[in-house]
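Everything below concerns the one structure shown next.
The values are calculated or read from the model by the stated rules, or taken from the named source; none is laboratory data. Treat the numbers as computed from the prediction; the structure is a model and nothing was measured. Backbone-built Cβ (ideal geometry, glycine too); neighbour counts: all protein chains shown. Surface accessibility is based on the protein's heavy atoms, side chains included, excluding ligands, DNA and RNA. Shrake-Rupley method; radii C 1.70, N 1.55, O 1.52, S 1.80 Å.
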Amino acid sequence: DTGVSQDPRHKITKRGQNVTFRCDPISEHNRLYWYRQTLGQGPEFLTYFQNEAQLEKSRLLSDRFSAERPKGSFSTLEIQRTEQGDSAMYLCASSLGWGRTGELFFGEGSRLTVL
Amino acid sequence: EDKVVQSPLSLVVHEGDTVTLNCSYEVTNFRSLLWYKQEKKAPTFLFMLTSSGIEKKSGRLSSILDKKELFSILNITATQTGDSAVYLCAGETNAGNMLTFGGGTRLMVKP
């Protein structure tokens, strides 16, 4: 499968715990995005990377959220001290990064449930 | 702040009907308007529109953009049960770094 893959697909955690999600983009894509989607809403932009550089992170929801893409390949999104309001689907997407930058290829998401 | 609004919120039709989904946008330094289909998990790309008045078409789906009125529509003709999904509209900024999505239109096509 050469699509965008995300892991884990579902994470249940207790409030206050830290969680980390991993995303493996399509191999030739140099842009990687993280979005959050809650029930009945469209995806909400969080951050994006061009290769290993994080070029936009002002939309991360709080300082509890951080993302990395250390070698310009896979990325991780970490949420520290989770709160119930963090429960959502976290979507990763990748794109080629030129020309058709809006054409994103999404993974199937990591669903977070905070108890 | 950029905003994308879709209507209707939901729609129930029967197979063979034609539907029109609406999207209005306010996006600073607008570059393109995109439509995605979300069936269960991952949104999948349908169309990218950058110029007014030019219809994009793919099979029974078509879309057009009006950059003066800041509006786009997605038409689906001869609907099938497989068209049942949430249809998302998104505006892209000139920086090409993020999409602002609308809340989606949930379409249900009954046999």
(message) Given the options A:T38, A:G109, A:T20, identify the residue whose Cα lies farthest towards the positive end of the charge dipole of the protein assembly as shown (+1 on Cβ of Lys, Arg; -1 on Cβ of Asp, Glu).
(response) A:T20
(message) Heavy atoms of the protein only, probe of 1.4 Å, neighbouring chains included. What is the accessible area of A:R100 in Å², nearest 10?
(response) 110
(request) Would you mind giving the mean number of other chain beta-carbons within 10 Å of the Cβ of each residue in A:50-60, as a whole number? (result) 1
(message) Suppose a student asked you for the relative contact order of region A:8-64, using Cα pairs under 8 Å spaced at least 6 residues apart; what percent would you report?
(response) 21
(request) Kindly provide log₁₀ I(q)/I(0) values, in the same order as q = 0.12, 0.16, 0.18 Å⁻¹, from the Debye equation applied to equal alpha-carbon scatterers of the protein assembly as shown. (result) -0.65, -1.10, -1.32
(message) Students often get this wrong, so check it: of A:K11/B:K41; B:K37/B:K68; A:K14/A:K71, which have C-alpha atoms separated by over 23 Å?
(response) B:K37/B:K68; A:K14/A:K71
(request) Please work out the C-alpha center-to-center distance from region A:58-115 to region B:23-69 and express it in whole Å. (result) 23
(request) Give the carbon-plus-sulfur fraction of the accessible surface of the protein assembly as shown in %, rounded to a whole number; probe 1.4 Å, heavy atoms of protein chains only. (result) 47
(request) Of the DSSP beta bridges with both residues in chain A, give the percent that are antiparallel, rounding to the nearest 5. (result) 90
(message) Under 10 Å, Cα contacts only: if you run a Gaussian network model on chain A, which one of A:G72, A:G16, A:G42 comes out with the highest mean-square fluctuation?
(response) A:G42
(request) Rounded to whole Hz and in sequence order, give me ³J(HN,Hα) for region A:27-40 from the Karplus expression 6.51 cos²θ - 1.76 cosθ + 1.60, θ = phi - 60°, writing x for Gly and Pro. (result) 4, 8, 7, 9, 9, 9, 10, 10, 10, 10, 10, 9, 4, x
(request) Please get the size of the charge dipole for chain B, origin at its Cα centre, with Cβ charges of +1 on Lys and Arg and -1 on Asp and Glu, quoted in debye to the nearest 20. (result) 240
(request) Can you tell me the relative contact order of chain A? Whole percent, Cα pairs under 8 Å, sequence separation 6 or more. (result) 37
